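One structure is given here, and the rest of the page talks about it.
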Amino acid sequence: MRTRGKERRMRLLRKMLQERISELTGLAKAIAPDAEVTVLEPYEDEDAVIEVRVSAEKVDEVDEALMRRSTQIWLEEGFDIVPMVFAKVDKGS
């Protein structure tokens with residue numbers, strides 16, 4: 001019985017984490033609709049790592065917004081989601 005409750009709690013936490021990842025992805029795309037977002041495996045103790053590639057002129061704006069919101073998520077819910085924002089590389093150059 002105890003195991004079933006623990007499994008249910010873990011499923012709920014995974015669902016909540018996925019909702020926060022989706023929220024951050026949506027925030028990046030709201031600022032930079034052409035944003036390329038990849039969710040990476042955590043490197044160490046993080047819950048998730050989000051790599052976002054945007055045009056060079058949007059890097060600071062997207063980075064600031066994602067850092068602000070991911071910090072709020074950490075403080076309010078305890079999920080450690082690390083956003084990493086990079087400028088897209090122009091492959092034509």
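Scanning the range 26-45 for any residue that is closer than 19 Å to residue 89 by Cβ, in a helix (DSSP H, G or I) and open to solvent by less than 30 Å² (accessible area, probe 1.4 Å) turns up at least one such residue. Scanning the range 46-60 for residues that are within 19 Å of residue 32 (Cα to Cα) and either open to solvent by 30 Å² or more (accessible area, probe 1.4 Å) or not in a strand (DSSP E or B) (or both) returns 51, 53, 55, 56, 57, 58, 59, 60.
If you scan the range 44-78, which residues turn out to be among the aromatic types (Phe, Trp, Tyr) and in contact (Cβ under 8 Å) with a residue 24 or more places away in the chain?
Start the filter on the range 44-78 by keeping residues that are among the aromatic types (Phe, Trp, Tyr), which leaves 74.
Correct list: empty.
Residue by residue, here is whether (1) over 12 Å from the mean Cα position of the chain (by Cα); (2) within 17 Å of residue 16 (Cα to Cα) holds:
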{"residue": "54", "(1), (2)": "yes, no"}
{"residue": "59", "(1), (2)": "yes, no"}
{"residue": "70", "(1), (2)": "no, yes"}
{"residue": "74", "(1), (2)": "no, yes"}
{"residue": "79", "(1), (2)": "no, yes"}
{"residue": "82", "(1), (2)": "no, yes"}
{"residue": "85", "(1), (2)": "no, no"}
{"residue": "88", "(1), (2)": "yes, no"}
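Only one of the numbered conditions (1) modelled with pLDDT of 95 or more; (2) surrounded by 14 or more Cβ atoms within 10 Å (Cβ to Cβ) is not met by residue 13, and that is (1). If you take the residues of the range 61-71 that are open to solvent by 80 Å² or more (accessible area, probe 1.4 Å) and not hydrophobic (A, V, I, L, M, F, W, C), which of them is farthest from residue 30 (Cα to Cα)? Checked the range 61-71; the qualifying residue farthest from residue 30 (Cα to Cα) is 68. If the condition is being out of contact with any Asp or Glu (no Cβ under 9 Å at 6 or more places or on another chain) and open to solvent by 50 Å² or more (accessible area, probe 1.4 Å), then the range 16-25 contributes 18, 19, 22, 23.
The values are calculated or read from the model by the stated rules, or taken from the named source; none is laboratory data. A quick note: this is a predicted structure, and the numbers were derived from the prediction, not measured. All Cβ positions, even for glycine, are placed from backbone atoms using ideal geometry, and neighbour counts span all protein chains on display. For the accessible areas, the whole protein counts, side chains as well, though only heavy atoms, and no ligand, DNA or RNA atoms are used. Shrake-Rupley method; radii C 1.70, N 1.55, O 1.52, S 1.80 Å.
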